[in-house]
Amino acid sequence: MKYRYVLSRDDAKNKLTISEFTRGVDENLTNMGSREVDGEAIEAALAQGGMAVVDVVRSHGMYPPENVAMDMARLVADLFGSMREEIKEGYIDEVDVITAEVIKPEVVDAADDDDDIVDDDLPDEDILESDDLELGDTDDIVEDEEDDVLD
């Protein structure tokens, strides 16, 4: 089941109306109900912060998950806050919010250098230098090969 919340501001009544819709397999929206919240309660909650707005928005019959409720709080701030936008209605689609929360792009530090991948996995004392390898006396090998060629 997919949920959509529509929040609309009514300046004449100084109220916020929150409507909850569900979208089934057939993609048709069904109104599950709506509730009105007093504009003064909203403004008082806005002064206290996002979680206070979430507390005002939620009810026993309408309890959106936290990430959806926080998006609702931001929308309420747009509708009723000090910057009071001209918009009178906005919606939040639960699937969009949850998908955006779950599928976050990984932040990659541009300063990371791929050349250091092997070096980062090994402690410094385990890295061998060419001077650490005992190959024997290589001068003898070269001289022997030169002798064979001249003979």
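The values are calculated or read from the model by the stated rules, or taken from the named source; none is laboratory data. Treat the numbers as computed from the prediction; the structure is a model and nothing was measured. Cβ coordinates were reconstructed from backbone atoms using ideal geometry, including for glycine residues, and neighbour counts include every protein chain displayed.
On the basis of being surrounded by 14 or more Cβ atoms within 10 Å (Cβ to Cβ) and over 22 Å from K2 (Cα atoms), does V76 make the cut? So V76 does not fit the description; no.
Per-residue answers, yes or no, for (1) over 22 Å from T99 (Cβ atoms); (2) under 24 Å from the mean Cα position of the chain (by Cα); (3) at pLDDT below 90:
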site	(1), (2), (3)
N14	yes, no, no
D26	no, no, yes
E36	yes, no, no
I42	yes, no, no
A45	yes, no, no
Q48	yes, no, no
E66	no, yes, yes
E86	yes, no, yes
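I want to confirm something. Restricting to the range 48-57 and keeping residues that are of a type outside the set (A, V, I, L, M) and surrounded by fewer than 16 Cβ atoms within 10 Å (Cβ to Cβ), which single residue is nearest to Y5 (Cα to Cα)? The selected residue is D55. Restricted to the range 88-106, and to residues that are of a type in the set (V, I, T) and not in a helix (DSSP H, G or I), which residue is modelled with the lowest pLDDT? Restricting to residues being of a type in the set (V, I, T) and not in a helix (DSSP H, G or I), the top hit is I103. Of all the criteria given as (1) in contact with a helix residue (DSSP H, G or I) (Cβ under 9 Å, 6 or more places away or on another chain); (2) over 17 Å from E94 (Cα atoms); (3) not hydroxyl-bearing (S, T, Y), the one not satisfied by M70 is (2).
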